[in-house]
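One structure below.
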Amino acid sequence: MPPIDFARLQDLQEIDLLLDALRAEVAAIESALADHAEIETARRNLAALTKTQVQANAALQDAELALAALTAEVENKSKRLYSGAVVNPRELEALQADIAQLMQQRAVREESALQAMVASEEAETARDLQQQHLDALEATFATREKEFGVRLKELETDIPRREAERKALLEQNDRTLVVTYDSMRKRLGGRVLVVVAQGRCTYCNISLPDTQLRRTQHNQEVVYCDSCGRLLYSAS
């Protein structure tokens, strides 16, 4: 019985493994290009921080307006106090009390305005940092998109060329053996034709029984590994 030409089948397998890798690369690139989750999250965070900044600025403006109003009121009452227009002792005493109370309120407003200013500055810093983060993400994505575009064009050329090579190899292989091989690839995936070396299946590394070793020695029949179920052949 003539030996089975496993070398040609091995050539077919190498093309198939390469095609698997190229198609997986296409799928990975397309998935990466469609994944905008990180950028979308950064945009949502930026929108939230921008809203916080607007609110902090509004709170600061309100605090400054309230402080300015109190300051103006204190100044007006102080001018009246020292203008000499008020001579009644009770009115003077009441005016002095009003000014003292307003001064206390102004101190509180000053503290509130200071806190509002700090909050506004912190909100602006946080928003600016998030904007920088988003800009960096978008720049990285744009660069990656350009690189992936170049690679996809290469793959669009390479895959059909490899498929043509596979078609040519199919014509050179025994049809019955190819049917067996294709069926095993669908069932097991990846490498299904495995060389025997040093008495072992090089896929699962199990030691083969002597009977199997003898059957694979001259490549005259189809032999399967009892452990991983793959097709065995001898390279010698």
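What follows is calculated from the coordinates using simple rules that are stated; it is not laboratory data. Here the structure is a predicted model, which is why all the values come from computation and not from measurement. All Cβ positions, glycine included, derive from the backbone under ideal geometry; neighbour counts span all protein chains shown.
A few remarks follow.
- With the simple spin-label model, which puts each label point 7 Å out from Cα in the Cβ direction, the LEU129 to GLN96 separation comes to 5.2 nm.
- Whole-Hz couplings from phi, Karplus 6.51/-1.76/1.60, listed for region 187-201; x for Gly and Pro: 7, 9, x, x, 7, 10, 9, 10, 7, 9, 9, 6, x, 10, 6
- Stretchable slack from ALA168 to SER236, in nm (0.36 nm times residue separation minus alpha-carbon distance): 21.9 nm
- Annotation: amide H of VAL194 within the under-5 Å range of LEU231, LEU232, TYR233, sequence separation 5 or more or interchain, hydrogens built in the peptide plane.
- Whole-angstrom gap from region 1-26 to region 108-155, using each part's C-alpha centre: 49 Å
- Judged by the mean number of other Cβ atoms found within 10 Å, the most tightly packed of the peptides 184-193, 85-94 leads the ranking 184-193, 85-94.
- For CYS228, CYS201, the sequence from fewest to most other C-beta atoms within 10 Å is CYS228, CYS201.
- For VAL118 and GLU75, the FRET efficiency from 1/(1 + (r/R0)^6), where r spans their Cβ atoms and R0 equals 35 Å, is about 0.85.
- Residues whose amide H lies under 5 Å from that of CYS201, counting only those 5 or more places away or on a different chain, are ILE206, LEU208; hydrogens are built 1.01 Å from N in the peptide plane.
- Backbone geometry of region 26-38 corresponds, through the Karplus equation with coefficients 6.51, -1.76 and 1.60 at θ = phi - 60°, to 3J(HN,Hα) couplings of 4, 4, 5, 5, 4, 5, 5, 5, 8, 8, 10, 4, 5 Hz, x marking Gly and Pro.
- Option label - P(r) over Cα pairs in 5 Å bins from 0, in percent computed here, alternatives (i) 1, 6, 8, 8, 7, 6, 6, 5, 5, 5, 4, 4, 4, 4, 4, 3, 3, 3, 3, 3, 2, 2, 2, 1, 1, 0, 0; (ii) 1, 8, 15, 17, 16, 12, 9, 7, 6, 4, 3, 2, 0; (iii) 1, 7, 14, 18, 19, 15, 11, 7, 5, 3, 1, 1, 0, 0: (i)
- In sequence order, region 138-155 has phi-based couplings of 5, 5, 4, 5, 4, 5, 5, 4, 5, 5, 5, x, 5, 5, 4, 5, 5, 5 Hz under the Karplus curve 6.51 cos²θ - 1.76 cosθ + 1.60, θ = phi - 60°, and Gly or Pro positions carry x.
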